[in-house]
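For reference, the structure is listed below as structure tokens.
All of the numbers you see were taken from the coordinates with simple rules; none came from a lab. What you are looking at is a predicted structure, and each value in this text was computed from that prediction instead of being measured. Every residue, glycine among them, receives a Cβ derived from its backbone with ideal geometry; neighbour counts consider all protein chains shown.
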Amino acid sequence: MEILDAKNEIEENKLKEIAYAMKNGKICVFPTETVYGIGTNGLDEKAVEKIYAIKKRSKKNPINLLVSDMTMIENITQNISPLEYKLMEAFFPGPFTIILKKKAIVPNIVTANSNLVGIRMPSSSLAKKIITLAGIPLAAPSANLSGTLSGTNLQDILADFSNHIDFAIDGGESKIGMESTIIRVIDNIPHILRPGSITPKQIKDVAGNVILEETHNDILPSSKMEHYQLDIPSTLVYSQDNKKIIDKIINLSRDYKNPVVVCCSENIDFYSTTLPIKNIICVASKNSLEDYSKNLFASLRKASYLTPDMILIEGIHEKEGLGIAIRNRLENICTNQLILDNM
């Protein structure tokens, strides 16, 4: 495996070498603006099969394709509606995935034998450059073992993949730190199948309508949220009253030998003065949902590395915008939820 540092500029000849290798079925971990991806030629069935094997991912769970321009999208999809074009014009490039009808050129292994495929055009200049140089869409799901948290820095990822990949590009911490918003247009209305940093309001402003729905449909990428679940017991505590959250978490912590608290910066002092709680991890200020989103997965990985017998997590009260996506991830991550009042 070769590791390259993208925190400093990588020579274009080196990027061409990586892009050519990926086009020929090699595997590369690389940063995007959302999370790190593990990618290869999305039109090569055998190459995509390697991605499934490395991630230990069910072949019932389809993979999104990353593209660099509209021509590439039109080469692999069909029957794109005016509204779908309008949404792509508004949110591409960026943390936005749209489900479209695929052409036969897209292997069935990518789509779990569905006629639908998730398409994303990343805004990361490095990711777009690699796709452009490769000249083909990349199958690039998040760089994590299925059943674990998405990777937002290379150090967390290499422990899982170092013996199975050909290249790794270190771009530092992910800018957004959360996977893309996924939508599908049904009866000329966008349905949000996975919330992300592109919010329902932003989509409604473009489309005139939007539906936020929970889905567990096998044919939709990442719809089962399997890779958000922690393998350590965890409890998410919700309340509109901040003091209720703190008091409940402190009381719960007394039932465990090695609890870890994951909290906002405003509350860290309350826990640090409580003897049973030795390990406290601050995600970010509750007033900065962008920072909270960026740091969430890395903070939860850090918590799990401490081998706790319980992870106690403060819930996010915000129910609008990015708060919807953060709540979605937290609720899928945790094994237990406590709601202390009418939210």
(request) Return the long-range amide H neighbours of LYS286 (sequence gap of 5 or more, or a different chain), with a cut-off of under 5 Å between placed amide H atoms. (result) SER265, GLU266
(request) Starting from the coordinates of the alpha-carbon atoms of the range 1-89, obtain the Kirkwood hydrodynamic radius over all distinct pairs and give the value in Å to one decimal. (result) 15.2 Å
(request) Using just the alpha carbons, could you tell me how many Å³ per residue the convex hull of the chain encloses? (result) 127 Å³
(request) Go ahead and estimate [θ] at 222 nm for the chain from helices alone: -39,500 (n - 2.57) per DSSP H run with n ≥ 4, summed, over the residue count, rounded to 500. (result) -10000 deg cm²/dmol
(message) At 0.36 nm per residue, and after removing the present C-alpha to C-alpha distance, how many nm does the segment from GLU2 to ILE186 gain when stretched out fully?
(response) 61.9 nm
(request) Filter the cross-link list LYS60/LYS101; LYS26/LYS129; LYS56/LYS128; LYS128/LYS175 down to pairs whose alpha-carbon distance in this structure exceeds 20 Å. (result) LYS56/LYS128
(request) Calculate one ³J(HN,Hα) per residue across the range 315-322 by plugging θ = phi - 60° into the Karplus curve 6.51 cos²θ - 1.76 cosθ + 1.60, and present them in order as whole Hz with x for glycine and proline. (result) x, 9, 7, 4, 10, 10, x, 5
(message) Quick check: pseudo-label points 7 Å beyond the Cα along Cα→Cβ at TYR85 and ASP255, how many nm apart are they?
(response) 5.7 nm
(request) Could you check the simple spin-label distance between ALA159 and THR274, using points 7 Å along Cα→Cβ, in nm with one decimal? (result) 2.6 nm
(request) Taking amide H positions as placed in the peptide plane 1.01 Å from N, state which residues far from LEU65 in sequence (5 or more) or on other chains have amide H under 5 Å from it. (result) GLY118, ILE119, ARG120
(request) Give the share of C-alpha pairs in each 5 angstrom bin for the range 258-343, from 0 to the last occupied bin, in whole percents, shortest bins first. (result) 3, 14, 26, 26, 21, 9, 2, 0
(request) Would you count, across the range 229-339, every pair of lysines whose alpha carbons are under 27 angstrom apart, provided the pair is eight or more residues apart or spans two chains? (result) 29
(request) Using θ = phi - 60° and the Karplus relation 6.51 cos²θ - 1.76 cosθ + 1.60, list the HN-Hα couplings for the range 37-53 in order, rounded to whole Hz, with x at every Gly or Pro. (result) x, 10, x, 7, 4, x, 10, 10, 4, 5, 5, 5, 4, 5, 4, 4, 5
(request) Report, in whole Å, the centroid distance computed from the Cα atoms of the range 270-291 and the range 11-85. (result) 37 Å
(request) Read phi for every residue in the range 114-120 and hand back ³J(HN,Hα) as whole Hz from Karplus 6.51 cos²θ - 1.76 cosθ + 1.60, θ = phi - 60°, with x for Gly and Pro. (result) 8, 8, 10, 9, x, 10, 9
(message) Rounded to the nearest 5, what % of DSSP beta bridges with both residues in the chain are antiparallel?
(response) 40 percent
(message) Between ASP69 and CYS282, how high is the FRET efficiency from 1/(1 + (r/R0)^6) when r is the Cβ-Cβ distance and R₀ = 45 Å? Nearest 0.05.
(response) 0.65
